[in-house]
Amino acid sequence: MLNYCIERSKCRKYESKKYLSDVGSNIDPEGIVGTNFKEVSDETGNETEDEFFDCTEYVPEGRAMRLGDENILDSDEPLYIPITQDPVPKTEDELQADAEAMLKLGSGFKIQMMSFSLLSDMEAFKAANPKGKMEDFIRWYSPKDWEKDEFGVGQLSARMRIPGNTWQTVWKQAQPVAANKQKRLFDETTEALKVLSYLETRNIAEIYDMVIITVLHSAIIKFKGILETEKILDLFEYKIEALLNDLCHISRADDTEVFDIQQTKSKMEGLIKRLEEYEVQFYQYKCFEQLTGYPDNITFEEIKCKFKEMIENQNSCSINNAEDIGKHIITSYGSELHSNLVTKEYVLRVRANELAGPHFLRAVVTGEEVRLCGAFTENTTLIKGYTFD
């Protein structure tokens, strides 16, 4: 919810700046709209008072698009779909609280909740269609409640014709107000402050329980996006979907059930470990792509096929053009391999120009670890013929 509030705030500021920029481009330095005011005055100055009073009471505004080929009933004017406010987003906790309230308070609470959004949509509709009737609104908003008989004559459904129903009451209350002039159904600033205030009263363990699933979900979606960009999602798709399904199962666990804390913790750790494993496999793929000399020595489909074989066969696969790939590795990474050796092995002899004797001492250096291994003998038969200084 907090992320959504931040995004809504950014979008609102951007739209506000864009609107001011568009309006500003049509205004001259003296504040007069860019259209030639004198020309407009000349065109309208000769109109009679009768012509003025024949104008519609409200100027249409907030139109999104026309509703197909439909016209307003008893009029030749087109029927327009209005620009409306976005639905109010709710978290799972809020939805659960609303459901519990409806069970306690009955259908009246549901109607009250619905009326705010319905009133906003009706006002936007009236602003876009000043001559529109409730029947026109129903044709757009709830087509199933607009019934036609065998002669093609339309009428409201039975529930809409009930005297004093909620729809009729709200329609009478609604005034023609465009969506951008209405009171906001969702105030992102207020909701964000509620979230922050709630978080301030939680301890670290409670915050962890609240955000771990969201953070994991974001990480998985981010990783999925990277795979899509690299065009190798098909190699990991079933694994990613399995991760998301398991995470969804944990997130939808019923709070009324008794859960073993250690078991839940182990499940989360298991998901994190699996995600780390898939990330390692992705980096292995990128290394494999470089080592094989893509795109000169191997095609993209061949790389995907061979890497899939590696995953299924414990990091081993058969390569047809191994010689070309070997040359590419030596040419591209030879100096780097020699300067960054993983293991170095030294054979110590008595004299450098002497042939190997029965005695030897070998030193193996791996990182900061040194191992010595040797073979020695006192058998004179074996050492006969070798001279040592």
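Given a Förster distance of 56 Å, report the FRET efficiency between M65 and T343 from their Cβ-Cβ distance, rounded to the nearest 0.05. If you can, show how the numbers build up before the last one.
On the way: r = 70 Å, r/R0 = 1.26.
Efficiency computed from Cβ-Cβ geometry: 0.20.
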Under the Karplus relation 6.51 cos²θ - 1.76 cosθ + 1.60, θ = phi - 60°, what is the ordered set of whole-Hz ³J(HN,Hα) values for region 309-319, x standing for Gly and Pro?
5, 5, 5, 7, 10, 6, 6, 9, 7, 8, 10
Would you mind checking which residues have amide H under 5 Å from F360's amide H? H placed 1.01 Å from N; only 5 or more apart, or other chain.
A375
For the residue pair S157 and H359, what label-to-label distance in nm results when each label sits 7 Å from Cα along the Cα-to-beta-carbon direction?
10.3
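If the chain between Y4 and Y238 were fully stretched, how many nm would it gain, using 0.36 nm times the residue separation less the Cα-Cα distance? If you can, show how the numbers build up before the last one.
Details: separation 234, 0.36 × 234 = 84.24 nm, distance 2.87 nm.
Full extension from Y4 to Y238 adds 81.4 nm.
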For L79, other-chain or 5+-apart residues with amide H closer than 5 Å (H placed, Pro excluded) are L67, E70, N71, I72
Label point at T299 placed 7 Å out along Cα→Cβ; residues across region 197-232 whose backbone nitrogen lies under 18 Å
231-232
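First measure r as the distance between the Cβ atoms of K231 and N320, then evaluate 1/(1 + (r/R0)^6) with R0 = 22 Å and state the FRET efficiency to the nearest 0.05.
Working: r = 23 Å, r/R0 = 1.02.
After rounding to 0.05, the efficiency reads 0.45.
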Residue by residue through region 169-184, what is 3J(HN,Hα) from phi via Karplus (6.51 cos²θ - 1.76 cosθ + 1.60, θ = phi - 60°)? Round to whole Hz and write x for glycine and proline.
5, 5, 4, 5, 6, 5, 10, x, 10, 5, 4, 6, 10, 7, 5, 5
Taking the alpha-carbon set of region 120-255, what are its Rg and Dmax in Å?
24.4, 68
Taking N as the residue count of region 60-201, its alpha carbon Rg divided by 2.2 N^0.38 Å gives 1.24
Using the Kirkwood radius over Cα pairs, work out the Stokes-Einstein diffusion coefficient for region 202-291 at 37 °C and 0.692 mPa s, in µm²/s as a whole number.
226
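Every number in this text was worked out from the coordinates using simple rules, so none of it is lab data. Everything quoted here is computed from the prediction, not taken from an experiment. Glycine gets a Cβ as well: all are built from the backbone with ideal geometry, and neighbour counts include every protein chain shown.
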